[in-house]
1. Return the residues of the stretch 147-165 that are under 18 Å from the mean Cα position of the chain (by Cα), surrounded by fewer than 21 Cβ atoms within 10 Å (Cβ to Cβ) and either under 17 Å from ILE107 (Cα atoms) or of a type outside the set (A, V, I, L, M, F, W, C) (or both); say none if nothing qualifies.
2. I'd like the residue in the stretch 166-195 that is within 21 Å of HIS7 (Cβ to Cβ) and without any contact (Cβ under 8 Å) to a residue 60 or more places away in the chain and, out of all such residues, is surrounded by the fewest Cβ atoms within 10 Å (Cβ to Cβ).
3. Any idea how many residues of the stretch 36-52 are among the charged types (D, E, K, R), without any contact (Cβ under 8 Å) to a residue 24 or more places away in the chain and surrounded by 18 or more Cβ atoms within 10 Å (Cβ to Cβ)?
4. Hey, among LEU61, LEU121, which residue is under 24 Å from TYR224 (Cα atoms), modelled with pLDDT of 85 or more and surrounded by fewer than 22 Cβ atoms within 10 Å (Cβ to Cβ)?
5. PHE25: assigned to a loop (DSSP other than H, G, I, E, B) and without any contact (Cβ under 8 Å) to a residue 60 or more places away in the chain, yes or no?
6. Give the residue that is farthest from SER97 (Cα to Cα), with candidates limited to residues of the stretch 212-238 that are touching a Ser or Thr at 6+ places or on another chain (Cβ under 7 Å) and modelled with pLDDT of 75 or more.
Amino acid sequence: MDKPVLHFLCIHYTTISPQNREYLFSLLSYTENHQYNALQSDSKKAEFLVSRCALKALAKLTGFETLHYNITPQKALHNKQPLYISLSHTHNAVAVSLFNTPHGIDIEPYTRHVAYRNAILQRYFAPSEQQYINHLPWGKTKRFLHLWTLKEAIAKSQELSLTHALGYDTVTNPNELLLANFFVWKEYICGIAIGDSYCEKILIRQYTMDGNELAGFLCGCGRYRIRTSDLLHVRQAL
């Protein structure tokens, strides 16, 4: 039996040429166009534009070009079959994923400084999680981000508030969620959470490109590169 595949696309968009930005904007639907124009800051507009076009690109990459979707709630239909969407964005990077069951994804810069780490740890994290993060005097922030991205992903997959999700013990994983971390470009860490116990293994198919390559791929002009990797994950505690 084939393993279920979660498709995930990450876009890094430090710069997008004016021509490519104009082309991406032309792909927005009427509703998306209205949402885009309602945003106040340029950074939010860029984030919105790239995330919506990333979803269109992921649909094309996976053969779901007839995808009909609604970001809120994060559901899609392909030939009347339900699919689920998750979106995340941070510091010039957007991640979008498609899977056949509810799930969540989160992306964070791997080198970021988390000034509030200790306060969050003491208030929300389980003793087993605190032990995992603090068992060595170095690398604490990176281990914190491993768990933080999983908790953000759990919040999305379970439709919980972040405060509620922060209380879930990702180390002992009592509900046996499928939890996975992986890296993108050695700059970002991602967390994925799936709260469905129907399978023990899934294949995560990862695609990456930059903002200009995104435009090139969507317009079919050939000025793009798609990097792919497949990661097999099983449900397990850290």
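The values are calculated or read from the model by the stated rules, or taken from the named source; none is laboratory data. Remember, it's a predicted structure, so these values are computed and weren't measured experimentally. Backbone-built Cβ (ideal geometry, glycine too); neighbour counts: all protein chains shown.
1. So the first thing to find is which residues in the stretch 147-165 are under 18 Å from the mean Cα position of the chain (by Cα), and the list is 147-162, 165.
From what is left, the residues that are surrounded by fewer than 21 Cβ atoms within 10 Å (Cβ to Cβ) are 155, 158-162.
Of everything in the stretch 147-165, those that are under 18 Å from the mean Cα position of the chain (by Cα), surrounded by fewer than 21 Cβ atoms within 10 Å (Cβ to Cβ) and either under 17 Å from ILE107 (Cα atoms) or of a type outside the set (A, V, I, L, M, F, W, C) (or both) turn out to be ALA155, GLN158, GLU159, SER161, LEU162.
2. Across the stretch 166-195, the extreme among qualifying residues is PHE182.
3. First, pick out the residues of the stretch 36-52 that are among the charged types (D, E, K, R): 42, 44-45, 47, 52.
Next, only the ones that are without any contact (Cβ under 8 Å) to a residue 24 or more places away in the chain stay: 42, 44-45.
Filter once more, so that each one left must be surrounded by 18 or more Cβ atoms within 10 Å (Cβ to Cβ): none.
Qualifying residue count for the region: 0.
4. Details: LEU121 fails: under 24 Å from TYR224 (Cα atoms).
Of LEU61, LEU121, the one residue that is under 24 Å from TYR224 (Cα atoms), modelled with pLDDT of 85 or more and surrounded by fewer than 22 Cβ atoms within 10 Å (Cβ to Cβ) is LEU61.
5. On the way: assigned to a loop (DSSP other than H, G, I, E, B): no; without any contact (Cβ under 8 Å) to a residue 60 or more places away in the chain: yes.
No, not satisfied.
6. ASN212
To keep it simple, each residue is scored yes or no on (1) in a loop (DSSP other than H, G, I, E, B); (2) small (Gly, Ala, Ser).
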{"residue": "ARG143", "(1), (2)": "no, no"}
{"residue": "ALA155", "(1), (2)": "no, yes"}
{"residue": "ASN173", "(1), (2)": "yes, no"}
{"residue": "ALA180", "(1), (2)": "no, yes"}
